[in-house]
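The structure under discussion appears below in the form of structure tokens.
The values are calculated or read from the model by the stated rules, or taken from the named source; none is laboratory data. Values in this document were obtained by computation on a predicted structure and should not be read as measured data. Positions of Cβ are generated from backbone atoms using ideal geometry, with glycine treated the same way; all protein chains shown enter the neighbour counts. Just so you know, the surface numbers come from the protein's heavy atoms only, side chains and all, with ligands and any DNA or RNA stripped out. Shrake-Rupley method; radii C 1.70, N 1.55, O 1.52, S 1.80 Å.
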Amino acid sequence: MRVLLIEDEQGIAKPLAKILEKNGLPTDSVYDGLSGYIQAQKEIYDVIILDLMLPEMDGIEVLKRIRNADIHTPVLVLTAKDTLDDKIYGLEIGADDYMSKPFYPTEVVARVRALARRKDNRIHDIDQLSFEDIALDCVNATIVVAGKPESLTAKESHILELLMKNAGNVISKDHLLDSVWGVDSEATENTVEIYIHYLRKKLENSERAKIVTSRGLGYSLRSL
Ligand code: CA
């Protein structure tokens, strides 16, 4: 679980990040819109908290670009602009929730948790994924690689789903552990390595894609 906080007012950002962390929500803070947009592409977050009035690039533009970049992380917009028009506009262009300043930090924590849960529930919304010559049926945990069908375990399917949804981007072992095994699981990085090993075997007939290891960072699914 990881939160990206994009807020320029340090008097708001610092205490909010502290409270999020205290509630088990590790938070990366950036203080302008452009850095926020760049950071959102660099790492995978479970929730993004986004202020609208930001230097370098305003929040609406950040949100638009994030969605254009196919990043579907739930976004909680946090802003002093609390007119109805702004809310509707924000939601229309892809915000998932909206909070007006001033706010109670505990309410932000509750909403971030709710958004993260929604994201987890949504993971099986898409039944079929494909990348190059690999097709994944998420519901039945089966793949077709270069025309040949093969079955996966539930965890292999979940890992591949994350890799396919984020194709080309590196996913850390930590993120895989949290998403596939759950935050409270006793699985270790070694467990992830073993599953990646199995998954690679099942994908070895692919002529157009493979799982690439980025040492110390994680894994990505890439075109050959
Ligand atoms: Ca601001």
May I ask you to derive the relative contact order of the chain, considering only C-alpha pairs under 8 Å and at least 6 residues apart, and to give it as an integer percent?
14
Holding the Cα-Cα limit at 20 Å, pick out from Lys155/Lys201; Lys165/Lys202; Lys42/Lys64; Lys22/Lys173; Lys42/Lys173; Lys64/Lys173 the pairs that are longer than that.
Lys22/Lys173; Lys64/Lys173
Could you size up the charge dipole of region 121-207 around its Cα centre, putting +1 on the beta carbon of Lys and Arg and -1 on that of Asp and Glu, and report it in debye to the nearest 20?
120
Residue with peak Gaussian network fluctuation, the chain [Cα springs, cutoff 10 Å], from Ser185, Ser29, Ser130
Ser185
In terms of the Cα gyration tensor, with a ≥ b ≥ c the square roots of its eigenvalues, is the chain rounded because a/c is under 1.5, prolate because a/b exceeds b/c, or oblate?
prolate
Taking the chain and counting helices only, DSSP H stretches of n ≥ 4 at -39,500 (n - 2.57) each over all residues, the nearest-500 ellipticity at 222 nm comes to -12000 deg cm²/dmol
For Asp70 paired with Gln10, estimate the spin-label separation in nm (one decimal), with each label point 7 Å from Cα along the Cα-to-Cβ line.
3.8
Distance-filtered residues of region 187-203 - backbone nitrogen under 11 Å, label point 7 angstrom along Lys148 Cα→Cβ
202-203
Report the gain in length on full extension from Ile93 to Leu34: 0.36 nm times residue separation, minus Cα-Cα distance, nm rounded to one decimal.
19.5 nm
Listed by chain and number, the residues whose amide H is under 5 Å from that of Leu78, excluding neighbours fewer than 5 places away on the same chain and using placed H, are Leu50, Asp51, Leu52, Met99
Cβ-defined net charge surrounding Thr106, 12 Å radius [Lys, Arg +1; Asp, Glu -1]
+2
How do Ser35, Ser206, Ser151 stack up against each other in accessible area, from largest to smallest, with a 1.4 angstrom probe?
Ser151, Ser35, Ser206
Keeping all protein chains in place, calculate the accessible area per residue for the chain (probe 1.4 angstrom), answer in Å².
52
Mean Kyte-Doolittle of at least 0.0 and a Cα length of 15 Å or more along the axis: which whole DSSP H helices of the chain meet both?
154-165
Under a plain spin-label model, where a point goes 7 Å from the Cα along Cα-to-Cβ, how far apart in nm are Ala114 and Thr188?
4.0
